[in-house]
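Asks: To start, I am sharing the structure in question, which I have written as structure tokens.
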Amino acid sequence: MPVNICQQLNNAKDLDKASYVSALLAHMTLKEKIGQMSQFNNEDENLRSLIKNGAVGSVLNEVDVETINEFQRLASEESRLGIPLLIGRDVIHGFNTIFPIPLGQAASWSAELVEDCARIAAVESANNGVNWTFAPMIDISRDPRWGRIAESLGEDPLLCSTLGIAMVKGFQGDNLADSSSIAACAKHFAGYGASESGRDYNTTNIPENELRNVYLPPFKALADFGVATFMASFSDLNGVPVTGNSWLLNDILRNEWQFPGALVSDWESIPQLVTHGFAVDEGSAAFEACRAGVDMEMASDTYAKYLPALIEDSQLELKQIDTKVTRLLNLKFDLGLFQTPFTQSTPLTEPLNRAHLAVAKKAASQSCVLLKNKQKTLPLLPEKIASLAVIGPLANDGYEQLGTWVFDAKVDSSITCLEAIKDYVGDTVEIKFAQGLATSRSNNQEDFNQAIEIALTADVAVMILGEEAILSGEAHCRSTIDLPGCQEQLINAIYQTGTPIVLVIMAGRPITLEKILPKVAALLFAWHPGTMGGPAITDLLFGSACPSGKLPVTFPRTVGQIPLYYGQKNTGRPASDDTFVDIDAIQVRAPQTSLGMTSTHLDTHFTPLFPFGFGLSYTQFDYKDIHVSIPAVIIGEIFQISATLTNSGNLAAEEIVQLYIRDLVGSVTRPVKELKGFQRLYLSAGESKTVIFNVHSDELAFYNRKMQLETEPGFFHAWIGGDSTTELKTSFELMAK
Ligand code: BGC
């Protein structure tokens, strides 16, 4: 059999990446180069012959290991050059073992845990031949109507950057060439989370200053960290769809940030440049995307069809193509694919093994946020309860608790709340179950009676409600974010029985809960918790674990408050309790000037229902003695901000300590608070700790009016506490060198 060029290069020992890739490039025809820039869905009927012909650089959505090995064999042994394939898959929050949705993982504020989840997802997907995931999604998300908020790490740039890096570490491991590592992808570059009205794929208008200060920092952080790839967003950014946006993809990503990795389009986003009204036909769409900086086309074939002629006509230069192909071949080299294109048929570790499930349980537990606990309703004490009514469409549904993007989940392995509660209490507590509603969306109240009946005779009603999986995720946006269907009516009906309600909500986004909050004694927000949701929630309900999650996103009172986020600007007329006038307090025919004249709505309070960073515990944490090590800091210096944290309850628990800073005056206005540090700390009952944050003055830098990143001298406030409304405050000055 003739030896192909890759086999020859593999035999030439000790070739470094640059020499290997440039030698390979020198042997490639233009068609073969464009082949490397093309990613095909696994369902393409001509896929095998296309691979053999060198027309495919990557396949997405194939997860059968034998089929993948067959594809790799065709590519590495039967194509002229022998270049192996990138095998892409959306491994978003687990592969076979499903962890909480990313927004849930973000509620753990634990980089360590998020990394562990991604590591397991990498191992399980690598078992099946996947070598590239389209995660993490690091779009700042401040609109809970947007279905993809579920896939996000929340509203804050620091939290999102820190956890995004943790995911990349988990996916990519110490070395991309390890058989358990997969390449990560920072997506969707950039601004997708700002889709107008939270409607997917919608226009985004983000002033450059806001883009640089809020939306880009997570992408910059991941680029600096070494994420292997980027994905361009579907969306239109300030009039130029990102797929054809040379300013974002070339000027910022390549020139300013010097990102060396490959950039993939989103699904068919190149031909969609025509639909956007940005390109006249698919040929010019291919031209715009290639010129702007898209290295690989996902799912469509405009590159294959039109790039050859565009090069021939000299509209595009061959060296542009070579740069793109070099990035893609570099990635294949880094992944070790030239040496080892095949996946072993014996898995690296068994999927869903005990260790994986233990991490899934810990992640589900640490991501749950306790939002209300009237008179210590929780934890439930089995010795004080004779019977429990478990009610709701999500109480016993192993699929719905997994959430969005779970193509490869083993649904049968999910343990539901009902199963786990029964298992936990054994014979000690009588458990009765009524679903009440067929689905979370149902408006049919026929089965309410069964639920009412079991609630009437129970000591406590545990209601497991929320959103089924399909109601969040890509293209699954909502115009209201109340509990869907007639779940509120179900709560009202159970409330009428007089039995106290413990409400557990599983959902892919914040839900507006103001109306139902007074009706429930306790409220635990569990997001979509994944495979081990049931056992994790059960341990929290019965006190075998203590809630420790904190909200990674603000919970509004009503949908009309959106966008509502803690890092807002002060405005010239900030809302305050002194000036706020509620609609019910307005006198008839009162002169308008009586209405406070500040930035509020009349028909809802100006605060959120639950602020960013909020979450209760079964113990009590107190903060005092905030202190700045240097009251007048010189730019360039590192200083410390500290406080004393005490666990004054009688239970050992973890607390997420948060540091916020406000720059009082800037050349562009600054947010009223910005998260600048956080730590998850364990304190035994009665223990006190000094919590110290090291702050470098560079962390106070922001993009100014000239779009330069600068640290401006001036006065600052700093707070340390358990959520973004903390009042434990100090101040310091930053002085020029
Ligand atoms: C999504 C991406 C995803 C891709 C591949 C697109 O519709 O926007 O996030 O990675 O599909 O499945």
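The values are calculated or read from the model by the stated rules, or taken from the named source; none is laboratory data. The shown structure was predicted, so the numbers you read here are calculated from the model rather than taken from an experiment. As a convention, Cβ positions derive from the backbone with ideal geometry for all residues, glycine included, and neighbour counts pool all protein chains shown.
Asks: Before we move on, is SER108 under 26 Å from ASN41 (Cβ atoms), assigned to a loop (DSSP other than H, G, I, E, B) and in contact with a Leu (Cβ under 9 Å, 6 or more places away or on another chain)?
Replies: In short, no.
Asks: Which residues, taken from region 236-258, are closer than 25 Å to ALA304 by Cβ and either small (Gly, Ala, Ser) or free of Cβ contacts under 8 Å to residues at least 40 places away in the same chain (or both)?
Replies: VAL240, PRO241, GLY244, SER246, ARG254
Asks: Moving on to the next point. Being surrounded by fewer than 20 Cβ atoms within 10 Å (Cβ to Cβ), under 30 Å from ARG662 (Cβ atoms) and of a type outside the set (S, T, N, Q) narrows it down to one of PHE525, PHE542, PHE606, PHE555, so name that one.
Replies: None of the other options fit; the residue is PHE606.
Asks: For region 663-683, enumerate the residues that are among the charged types (D, E, K, R) and either surrounded by fewer than 17 Cβ atoms within 10 Å (Cβ to Cβ) or under 15 Å from HIS717 (Cβ atoms) (or both). Walk me through it before giving the result.
Replies: Filtering region 663-683 down to residues among the charged types (D, E, K, R) leaves 663, 670, 673-674, 676, 680.
ASP663, ARG670, LYS673, GLU674, LYS676 - these are the residues of region 663-683 that are among the charged types (D, E, K, R) and either surrounded by fewer than 17 Cβ atoms within 10 Å (Cβ to Cβ) or under 15 Å from HIS717 (Cβ atoms) (or both).
Asks: Is it the case, given these coordinates, that GLY82 is touching a residue at least 24 places away in the same chain (Cβ under 8 Å), of a type in the set (Gly, Ala, Ser) and at positive phi?
Replies: yes
Listed here are the residues, each with its yes/no results for (1) among the acidic types (Asp, Glu); (2) under 16 Å from GLY392 (Cα atoms).
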| residue | (1), (2) |
| --- | --- |
| GLU468 | yes, yes |
| CYS486 | no, yes |
| TYR495 | no, yes |
| GLY498 | no, no |
| ILE505 | no, yes |
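Asks: Restricting attention to region 23-47, report how many residues are touching a strand residue (DSSP E or B) at 6+ places or on another chain (Cβ under 8 Å) and assigned to a loop (DSSP other than H, G, I, E, B).
Replies: Total satisfying the criteria: 2.
Asks: Provide a single number: the residues in region 39-60 that are within 14 Å of LEU74 (Cβ to Cβ) and in contact (Cβ under 8 Å) with a residue 60 or more places away in the chain.
Replies: Within region 39-60, residues that are within 14 Å of LEU74 (Cβ to Cβ) and in contact (Cβ under 8 Å) with a residue 60 or more places away in the chain number 4.
Asks: Only one of LEU273, LEU249, LEU222 is touching a helix residue (DSSP H, G or I) at 6+ places or on another chain (Cβ under 7 Å), more than 16 Å from the ligand (Cβ to nearest atom), in a helix (DSSP H, G or I) and under 27 Å from GLU474 (Cβ atoms); which?
Replies: Result: LEU249 is the single residue among LEU273, LEU249, LEU222 that is touching a helix residue (DSSP H, G or I) at 6+ places or on another chain (Cβ under 7 Å), more than 16 Å from the ligand (Cβ to nearest atom), in a helix (DSSP H, G or I) and under 27 Å from GLU474 (Cβ atoms).
Asks: If I ask for residues that are in a loop (DSSP other than H, G, I, E, B) and either among the hydroxyl-bearing types (Ser, Thr, Tyr) or surrounded by fewer than 24 Cβ atoms within 10 Å (Cβ to Cβ) (or both), which ones from region 528-539 would you list?
Replies: Correct list: THR531 only.
Asks: Here's a follow-up. Go through the residues of region 2-23 one by one and say whether even a single one is surrounded by fewer than 22 Cβ atoms within 10 Å (Cβ to Cβ), on the phi > 0 side of the Ramachandran plot, at pLDDT below 95 and not small (Gly, Ala, Ser).
Replies: There is at least one residue in region 2-23 that is surrounded by fewer than 22 Cβ atoms within 10 Å (Cβ to Cβ), on the phi > 0 side of the Ramachandran plot, at pLDDT below 95 and not small (Gly, Ala, Ser).
Asks: Hey, among ALA358, ALA299, ALA304, which residue is more than 22 Å from GLY57 (Cβ to Cβ) and not hydroxyl-bearing (Ser, Thr, Tyr)?
Replies: That would be ALA358, the only listed residue that is more than 22 Å from GLY57 (Cβ to Cβ) and not hydroxyl-bearing (Ser, Thr, Tyr).
Asks: What tally of residues in region 225-242 results from selecting those that are part of a strand (DSSP E or B) and touching a Ser or Thr at 6+ places or on another chain (Cβ under 6 Å)?
Replies: Going through region 225-242 one residue at a time, the tally reaches 3.
Asks: Right, something else. Has region 277-292 got any residue that is within 16 Å of the ligand (Cβ to nearest atom) and touching a Pro at 6+ places or on another chain (Cβ under 8 Å)?
Replies: Taking region 277-292 and keeping what is within 16 Å of the ligand (Cβ to nearest atom), we get 289.
Filter once more, keeping what is touching a Pro at 6+ places or on another chain (Cβ under 8 Å): none.
No, that holds for no residue.
Asks: Quick one: how many residues across region 119-166 are within 14 Å of the ligand (Cβ to nearest atom) and under 30 Å from GLU350 (Cβ atoms)? I'd like the intermediate steps shown before the answer.
Replies: Pass one, region 119-166, residues within 14 Å of the ligand (Cβ to nearest atom): 125, 130, 132-139, 141, 146-152.
Remaining after also requiring under 30 Å from GLU350 (Cβ atoms): 125, 130, 132-137, 150-151.
Matching residues across region 119-166 total 10.
Asks: Here's something else I'd like to know. Would you mind finding the one in ALA262, ALA304 that is of a type in the set (A, V, I, L, M, F, W, C), away from the ligand (no atom under 16 Å from the Cβ) and at pLDDT 95 or above? Lay out the reasoning, then the answer.
Replies: Working: ALA262 fails: away from the ligand (no atom under 16 Å from the Cβ).
None of the other options fit; the residue is ALA304.
Asks: I would also like to ask the following. Closer than 24 Å to ILE311 by Cβ and either within 16 Å of the ligand (Cβ to nearest atom) or free of Cβ contacts under 8 Å to residues at least 40 places away in the same chain (or both) - does that describe any residue in region 24-32?
Replies: Yes - at least one qualifying residue is present in region 24-32.
Asks: Then there is this: Which ones in region 369-387 are touching a strand residue (DSSP E or B) at 6+ places or on another chain (Cβ under 7 Å), surrounded by fewer than 16 Cβ atoms within 10 Å (Cβ to Cβ) and within 16 Å of ALA458 (Cα to Cα)?
Replies: ALA386, SER387
Asks: Identify all residues within region 72-124 that are among the aromatic types (Phe, Trp, Tyr) and out of contact with any strand residue (DSSP E or B) (no Cβ under 6 Å at 6 or more places or on another chain); write none if there are none.
Replies: PHE95, PHE99
Asks: For residues that are surrounded by 21 or more Cβ atoms within 10 Å (Cβ to Cβ), within 16 Å of the ligand (Cβ to nearest atom) and hydrophobic (A, V, I, L, M, F, W, C), tally how many sit in region 61-84.
Replies: 0
Asks: So, one more: Take region 498-509 and flag every residue that is assigned to a loop (DSSP other than H, G, I, E, B) and crowded, with 24+ Cβ neighbours inside 10 Å.
Replies: Pass one, region 498-509, residues assigned to a loop (DSSP other than H, G, I, E, B): 498-500, 507-509.
Passing the criteria: ALA507, GLY508, ARG509.
Asks: What pairs come up if the first residue lies in region 514-535 and is under 30 Å from LYS410 (Cβ atoms), the second is small (Gly, Ala, Ser) and part of a strand (DSSP E or B), and their beta carbons are under 9 Å apart, counting only those six or more places apart or on different chains?
Replies: Qualifying pairs under 9 Å: PHE525/GLY466; ALA526/GLY466; TRP527/GLY466; HIS528/GLY466; GLY530/GLY94; THR531/GLY94.
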